[in-house]
Amino acid sequence: MEKLSNPQVTIETIKKYDFAFQKKFGQNFLIDSHVLDKIIVAAGVTKDDVVLEIGPGFGTMTQYLAEAAREVIAVEIDKTLIPILQDTLKDYDNITLINEDILKVDIAALVQEKNQGRPIKVVANLPYYITTPIIMGLFESHVPLDNITVMVQKEVASRMQAGPGTKDYGALSLAVQFYAEPYIVANVPPNCFIPRPNVGSAVIRLTRWENPPIQVKNEKFMFSLIRASFNQRRKTLQNSLVNGGVGVTKEQVVEALLKMELSETIRGEALTLSQFAQLADLLMDA
Ligand code: SAM
């Protein structure tokens, strides 16, 4: 059977099932074989791998994953897509299809069941409206994984990869970089999808650190400092923290900044991840 990455096959499938795209589910299906090849190569999918795909849609990427991986678990929220997927994926015997909201799936239990707790890969053309909860959920719940290789909105990819002092740098950059090393694989224009999204897209690979790049006594406290710093990003770090509801006084912040040899008027956007960790450790002990 011809693959769905051939736009004609996708168009025929839409007609055959009289499929109505649902905006609320972020449905923009890929129709570009070069982009799909790039994603599979960037993720480094081999016959040893169990891959979790979030939102298979018609199964366009699932067909590529099933050929490259040992096993694919595909989680799709839209129940009208299930009979279509059973048809488009009927030639493959290594796919488990789950009709569920990914945010409600116990992924760690799934990895335990399907791969005996060994690391999996996550590959997806994500529904953009829940990019951050999906990615942070995977990291924070400590699901064993090698890498997450996903299509996201271009601006979101830039934010994940940004470093201190740039306009895109923020809480998302620090959260992602605490858990993984980001690498932008490709920019993808709207004409690679049906229907065309009204934003640019990019494929980003997040390779989970084997050993964390920084040590911090209390991760939660560090992230509450980071969130408070960027909630009011035009203010000094000192003011953002004192007014940010994180339970620190002006004197404590001034003393910590002095110990770190940083200016009293520095803004949060100038601090690296390891400086936030150091600050959190100093304020914990204050
Ligand atoms: N993988 C397909 C492709 O590349 O052509 C479709 C990608 S489309 C951008 C996003 C997919 O995620 C849609 O199929 C949508 O129905 C599904 N989706 C949206 N929200 C979801 C959720 N909470 N859990 C699981 N799937 C979801």
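The values are calculated or read from the model by the stated rules, or taken from the named source; none is laboratory data. Just so it is clear, the structure is predicted and the values come from calculations on it, not from any experiment. Positions of Cβ are backbone-derived with ideal geometry, glycine not excepted, and every protein chain shown enters the neighbour counts. All accessible areas refer to the heavy atoms of the entire protein, side chains included, with ligands and DNA or RNA removed. Shrake-Rupley method; radii C 1.70, N 1.55, O 1.52, S 1.80 Å.
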Distance between Cα centroids, region 215-263 to region 148-214: provide it in whole Å.
26 Å
The chain, helix-only ellipticity at 222 nm - DSSP H runs n ≥ 4, -39,500 (n - 2.57), divided by all residues, nearest 500
-12000 deg cm²/dmol
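Before anything else, pin down the relative contact order of region 170-286: Cα pairs under 8 Å, at least 6 apart, normalised by residue count, whole percent. Mind dumping the intermediate values first?
Numbers: 142 pairs, mean separation 29.1, N = 117.
RCO, region 170-286: 25 percent.
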Straight-distance crosslink candidates among aspartates and glutamates, where the alpha carbon sits under 12 Å from residue 121 and sequence neighbours closer than 8 are dropped:
48, 49, 53, 71, 146
Debye sum, Cα scatterers, region 188-286, no solvent: what log₁₀ I/I(0) at q = 0.18, 0.24 1/Å?
-0.79, -1.22
Can you spot the lysines whose alpha carbon is less than 29 Å from residue 15's alpha carbon? Ignore those fewer than 8 places along the same chain.
3, 23, 24, 38, 79, 90
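So for the chain, what percent of the C-alpha to C-alpha distances run longer than 24 Å? Spell out each step's value before the answer.
On the way: 21970 of 40755 pairs.
So the pairs more than 24 Å apart make up 54 percent of the total in the chain.
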Whole-percent carbon and sulfur share, accessible surface of the chain, 1.4 Å
49 percent
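Could you order 34, 142 so the one with the most accessible surface comes first? Probe is 1.4 Å.
Details: 34 135, 142 105 Å².
Sorted by accessible area, descending: 34, 142.
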How tilted is helix 219-231 with respect to the longest principal axis of the chain? Cα atoms for both, answer in degrees (0 to 90, nearest 10).
90 degrees
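Could you order the peptides 102-112, 257-267 from most to least packed, using the average number of other C-beta atoms within 10 Å per residue?
Values: 102-112: 15.5, 257-267: 13.5.
Packing proxy ranking, top to bottom: 102-112, 257-267.
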Between region 56-110 and region 124-143, how many Å separate their Cα centres?
17 Å
Result for the chain: accessible area per residue, probe 1.4 angstrom, in square angstrom, of 47 Å²
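Full-extension gain between residue 33 and residue 70, please, as 0.36 nm times their residue separation minus the C-alpha to C-alpha distance. Can you show the working numbers first?
Working: separation 37, 0.36 × 37 = 13.32 nm, distance 2.07 nm.
Answer, rounded to one decimal: 11.2 nm.
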